Amino acid sequence: MKRIIYYILSGCLLLGTGCSNWLDVKPSTRVEQEEMFSTEDGFKNTLTGVYIKLKSNSLYGQTLTMELTEYLAQHWKSNASELSGYISAYDYENSSVQSIIDGVYTDFYNTIVNVNNLLDFVDNGVLSEDMYKLIKGEALGLRAFCHLDLLRLYGPIPGEQTDKKMLSYAREVSRQNMPVNTWAEYIAFLEKDLNEAEALLEGVEKKGIDDDYFTYRQNRMNYWAVMAVKARFYLWIQNKEKAAEYAKKVIDGVGEQFKLSQPVDFTNKDYIASSEHLFSVHVYDLEDITETFFYRSGGVEQTKSLIAGLFEGDVTDVRGDGKLWQQLQGGTTGNRYVLMKYKQSEAQVSTREQIPLIRLYEMYLIAIECSDNSADYQPLINELLTARSMSLDMNNAGVDQKNQFVSMEYHKEFYGEGQAFYQYKRRNDKTIMWSNTPGSRSVYVLPVPKSEIKYEE
C-alpha cells in the first residue's frame, strides 16, 4: 500500500536577532524538544518558523502564487523547448517539472511536521489561556490550509473521488511511515482542524491580546482567515450551502478590519488590494523576486490581445490595459505586456512585500457562485462592479450570466496569485482558456513524488 515517509526536520527555531538568522534545527532527543517548548518563546519561535517556510520560493513566495500554478492556468506565454513550455503542456514526466512538483509536495509536508511538533507539546501547560488559544488555533488553521492545497494539487478532481487511499493527512510527528487516507478520512480531518481553529480563535481574536506577537493579523492565520479557508474548503468538496454560509459570515462580519479595495486604491498604486487580505505572507525580498520574474528583460509576459479579450472590452476596469497591465520595453520581441500587480512602490509602505493567499474578494465570488437567487447574488455582484469600476452590463443577471462572471473574475482578479488553475480543476472544465489541451485527470491531478509511492504489499 502507499505510504508517505517523512525525511524531515522536527522543528524550526529563531536563532539570533534578525530574520536572516532563521535556521532549521533537529532536536536529537525528546528532552531537547521538551526544553524548547518549556517557554512561551519556544512556541512563538516555532510557529513563526512555519510562516517563514510558507513564504519560501518553493511554496507561496513564488511557485504556488505567480509561477507553477499560473503556467498551469496558461496565464504566461511559454517556450515549448524550455521549462515554461513543459509545464504549460502538462508534461509531468519531464524531469525538471517533476523536480518542482516534488519540491512543493516535500516542502508542504516539511512545513506540516513543524506544525505537528508544536501541537505535540501545546497542551503542556506552559502557555497562558489566551496565548494557548492563539497559538494552537493558528497552528491548526495552518495545518488545514496546507493540507487543503495538497488536496487541490495532488488529490482527485472533486466529484471523481473514490474510497481508495490517496494522500496522507499528517497529524503527528513520527519516524514511521504515515498512513495514507481516503478522501472521506482526509476531508474529515481537515474539517476537524478548521472547526477547532475557528473555536479557539474566535474569542481571543475579538478580544485581542496585549502582546506584540498578536500584531499584523493579516500576515497570520487569524480567525477570519480560518473562516475564509472553510468557505474555500466547502466549495472544493461541493458543499455549496456551507461554502455560502462561511463566505457570508466573512463578508458580513469583518467590518472595517478588511474591506473591498476601491478604484482610488488602485489609482494610489495599491495594486494588490491590500485591504482585502484575509491572509497574506510578508516576503522581505519580494522586490528582487518580482523585478527578475516580471519586470526585467526575459520576465514573464502575456499577449496584449489575449488580455484585451479577457477584459471583454471593458475600458473602465481598474485592472485592465494601462493599469495593472502595462507595456514595458525589453525582451527579444521588443515591448512586453506585463502584469504590474507586484510592482513595489516606495510610496506604498503598507502594501510592499505582500503576497495575498486568500482575499475578501474570493468570499464574494464564492457567495455569488453558491446562490441561484438573484436577490442574494445581485447586490454582491454590484459591489464588485463598483470596487473594480467595471462597465459590464450585469443588471438583472441570470444564473448562467452570473456563473460566467464568476469564472472570468477568477482570471481577472487573481492573475498572478495562482488561483485560476484550481477553479478549472474544481469544475472539471474540459476547456482551458488559451490552451489546446483539454482538461482531464492527467492535467488536473499532479503526481505525488515517485519515491513516495510503494508497491502493493
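Values in this text are rule-based calculations from the coordinates and carry no lab data. All values derive from a computational prediction rather than experimental measurement. Here the Cβ is made from the backbone with ideal geometry for all residues, glycine too, and neighbour counts use every protein chain on show.
Computed 3J(HN,Hα) for the range 273-288, one whole-Hz value per residue from the Karplus formula 6.51 cos²θ - 1.76 cosθ + 1.60 where θ = phi - 60°, is 6, 4, 5, 8, 6, 6, 7, 9, 10, 9, 10, 5, 9, 4, 4, 5, glycine and proline marked x. Once the Cβ-Cβ distance of E256 and D321 is raised to the sixth power relative to R0 = 51 Å, the FRET efficiency obtained is 0.95.
Would the range 254-416 count as rounded, prolate or oblate if I go by the C-alpha gyration tensor, calling it rounded below 1.5 in a/c and otherwise prolate when a/b exceeds b/c, oblate otherwise? Provide the component values of the computation, followed by the final result.
Values: a/c = 2.27, a/b = 1.42, b/c = 1.60.
Because a/c hits 1.5 or more and a/b fails to exceed b/c, the range 254-416 counts as oblate.
Let me make sure I get this right: for the range 347-450, a, b and c are the square roots of the gyration tensor eigenvalues over alpha carbons, sorted descending. Under 1.5 in a/c it's rounded, otherwise prolate if a/b > b/c, else oblate. Which is it? Verdict is oblate for the range 347-450. When you filter the GluC sites (Glu not before Pro) in the range 127-169 for DSSP loop state and at most 14 other Cβ atoms inside 10 Å of their Cβ, you are left with E160.
How much mean residue ellipticity at 222 nm does the chain get from its helices, if each DSSP H run of length 4 or more adds -39500 (n - 2.57) and you divide by all residues, to the nearest 500 deg cm²/dmol? Please report the intermediate quantities before stating the final value.
Values: 17 runs with 208 residues, N = 457.
Calculated mean residue ellipticity at 222 nm is -14000 deg cm²/dmol.
Distance between the 7 Å Cα→Cβ label points at N94 and K206: 5.1 nm.
Peptide packing for 193-201, 375-383 was compared via the average number of neighbouring C-beta atoms within 10 Å per residue; ordered from the highest value, the list is 193-201, 375-383.
Mean Kyte-Doolittle of at least -0.5 plus a Cα span of 18 Å or more along the axis: flag which DSSP H helices in the chain meet both, please. Correct list, ordered by number: 40-54, 95-121, 129-154, 183-207, 223-236, 374-387.
Each Cα pair under 8 Å and six or more residues apart adds its sequence gap; the mean of these over the residue count of the range 254-416 is a relative contact order of 29 percent.
Listed by chain and number, the lysines placed with their C-alpha closer than 20 angstrom to that of K450 are K2, K164, K165; residues fewer than eight positions away on the same chain are left out.
Taking the beta-carbon count within 10 Å as an exposure proxy, list S280, S84 from fewest neighbours to most.
On the way: S280 23, S84 16.
Fewest-to-most Cβ neighbours within 10 Å comes out as S84, S280.
In this label model, A184 and T292 are separated by 4.8 nm, measuring between points 7 Å along each Cα→Cβ vector.
For the range 49-101, averaging the sequence separation of C-alpha pairs within contact (under 8 Å, six or more residues apart) and dividing by the residue count gives a relative contact order of 20 percent.
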